[in-house]
């Protein structure tokens, strides 16, 4: 079956519609019948303020959209409305079922080590919860990005935003043929499979690629794997780093996005 892209239009109660439009762009829900994942997947889209299809816009692709899409679209909407950054099309990529499917989507192997450095066996990471990211990467590159480009006025400047496993995923694909000019890696899980994402990234990274990395200091093994990536990637890309000692693994996301998007558009001048 050929991939089918369907725009699902919903008649929403007035209260729900008001919530969708409050302080940010309305969410448009799409569905892709994915050949690579062999299932239907939702993709969420928010358009920039005063969207004009005769213009073209950069795109932010947000992993873990269940938790991060609303925050990113609200912040990007506000920043662009105040002419701090250009308007972006925001694309959220959720998982079907986060507890198991998220790990399958975002990891390329079955780790035998935990975030604190503890060795684990196959009862921790196995085919039921990890190791399917090759299919997810193909879905992203071959289905999501081309379809967004077909239906919206994009300019080819794509940024991938990944936190935790999503940051590991982003780093793992740095050296591949991909559609991104910038990667945001927030407290990335470089501990996974004992730093394999770092080894993959070092194979061949474009020196012009923008990479923004943030981290905090708990636990130490996790932190050390991130600092190893930072040290080994120095001078191999346009790398910028922020350390948040007073934040946690989850709480640093908002500060990470604000710092990262401002850095990315440090020299941008509104027309």
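Key figures for this structure:
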{"read-out": "Within the range 99-111, considering residues that are assigned to a helix (DSSP H, G or I) and in contact with a helix residue (DSSP H, G or I) (Cβ under 6 Å, 6 or more places away or on another chain), the one nearest to residue 173 (Cα to Cα)", "value": "106"}
{"read-out": "Qualifying residue in the range 175-194 (condition: at pLDDT 95 or above, more than 20 Å from the chain's Cα centre (by Cα) and exposed (fewer than 15 other Cβ atoms within 10 Å of the Cβ))", "value": "no"}
{"read-out": "Residue within the range 178-193 that is in a helix (DSSP H, G or I) and either within 24 Å of residue 33 (Cβ to Cβ) or touching a helix residue (DSSP H, G or I) at 6+ places or on another chain (Cβ under 8 Å) (or both) present", "value": "yes"}
{"read-out": "Residues of the range 42-76 classified as out of contact with any helix residue (DSSP H, G or I) (no Cβ under 9 Å at 6 or more places or on another chain), assigned to a loop (DSSP other than H, G, I, E, B) and closer than 15 Å to residue 158 by Cα, total", "value": "2"}
{"read-out": "Residue list for the range 216-249, filter: touching a residue at least 40 places away in the same chain (Cβ under 8 Å), within 20 Å of the chain's Cα centre (by Cα) and outside any helix (DSSP H, G or I)", "value": "237, 249"}
{"read-out": "Identity of the residue in the range 198-228, over 17 Å from residue 240 (Cα atoms) and in contact with a strand residue (DSSP E or B) (Cβ under 9 Å, 6 or more places away or on another chain), that ends up surrounded by the most Cβ atoms within 10 Å (Cβ to Cβ)", "value": "222"}
{"read-out": "Enumeration of residues in the range 112-148 that are surrounded by 12 or more Cβ atoms within 10 Å (Cβ to Cβ), assigned to a loop (DSSP other than H, G, I, E, B) and touching a helix residue (DSSP H, G or I) at 6+ places or on another chain (Cβ under 9 Å)", "value": "112, 114, 115, 117, 125, 129, 130, 131, 132"}
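The values are calculated or read from the model by the stated rules, or taken from the named source; none is laboratory data. All figures in this text were calculated on a predicted structure; none of them were measured in a lab. For neighbour counting, all protein chains shown are included, and Cβ atoms are generated from backbone atoms with ideal geometry for every residue, glycine included.
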